[in-house]
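In what follows, a single structure is set out as structure tokens and then discussed.
The values are calculated or read from the model by the stated rules, or taken from the named source; none is laboratory data. Treat the numbers as computed from the prediction; the structure is a model and nothing was measured. Quick note on the areas: whole protein, heavy atoms, side chains included, nothing else; ligands and nucleic acids left out. Shrake-Rupley method; radii C 1.70, N 1.55, O 1.52, S 1.80 Å.
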Amino acid sequence: MTDFVTEASGCIREINDKGKIPILAGGTGLYVKALLEGYEFNETDEHGEYRAWLEELGRKKGKEYVHGLLAQVDPESAERLHPNDFRRVIRALEVQHFGGEQISQQRRAGAGESLERRDLCYDAIVIGLQRDRQELYQRINQRVELMFQAGLEDEVRSLLDRGLDRTTQAMKGIGYKETAAYLAGEMSREEAMELIQKSTRHFAKRQLTWYRKMPYIEWLAADQPVEVLLKDCQDIMGRLWR
């Protein structure tokens, strides 16, 4: 994320210098929030051996045990992080152990600070598209079916055949891990599809919760004709950039 903010900030400056307005489309909410609001990153470097030790500890004694270690040294971060958010739990322990600092002491994007538009790092207009929750979930279910029709199963099989291990981070994404489990005979194709649909719906719900922490978003209904959406965007720009 540090690299993203650095690179994106440079691109924004270059585009502005040309007298143009940059557009940031899509992306993870945390990355967008970090760029717009200013994110103070921990300076502690990564320590591979320490991380490997914590990961092995998690495998032997459970993620809850490692989360308990964090609760002892940084209760605030432990309260904020779920034991299953294991990578961030490990990072919090790493930062506290080697850096003498707590992630909870840093200004974090989404840490409860609801900034207004005037407080952002850029004179930005942030537009969000939303749908009725049930309609959104229906579209998610359909999308997963289309993913399989388009060859998700073949893609994952090809990656595995080329030696990409299921334990790598790239194979732990929604859709990949479930399909890999199906190909390994751990579940049926239908069960894999249902699990992907369920996981994606939960992910969408978390995204909505995250974006509610960004009060400067201007929300528009996504089920309108494109021409109407463009007109609404123009109206918002005219109102905020007068």
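Within the range 172-231, the percentage of alpha carbon pairs spaced more than 19 angstrom apart rounds to 54%.
Could you work out what % of the accessible surface of the chain is carbon and sulfur, using a 1.4 angstrom probe and leaving DNA, RNA and ligands out of the count? Accessible surface attributable to carbon and sulfur in the chain totals 49 percent. Measuring max minus min along each principal axis, the C-alpha atoms of the chain give extents of 60, 50, 33 Å (largest first). Protein heavy-atom accessible surface, 1.4 Å probe, per residue over the chain: 64 Å².
For the cross-link pairs LYS63/LYS177; LYS63/LYS198; LYS61/LYS213; LYS172/LYS231, the ones whose C-alpha atoms lie over 31 Å apart are LYS61/LYS213; LYS172/LYS231. Backbone geometry of the range 222-236 corresponds, through the Karplus equation with coefficients 6.51, -1.76 and 1.60 at θ = phi - 60°, to 3J(HN,Hα) couplings of 6, 8, 8, x, 4, 4, 5, 4, 4, 5, 4, 4, 4, 5, 5 Hz, x marking Gly and Pro.
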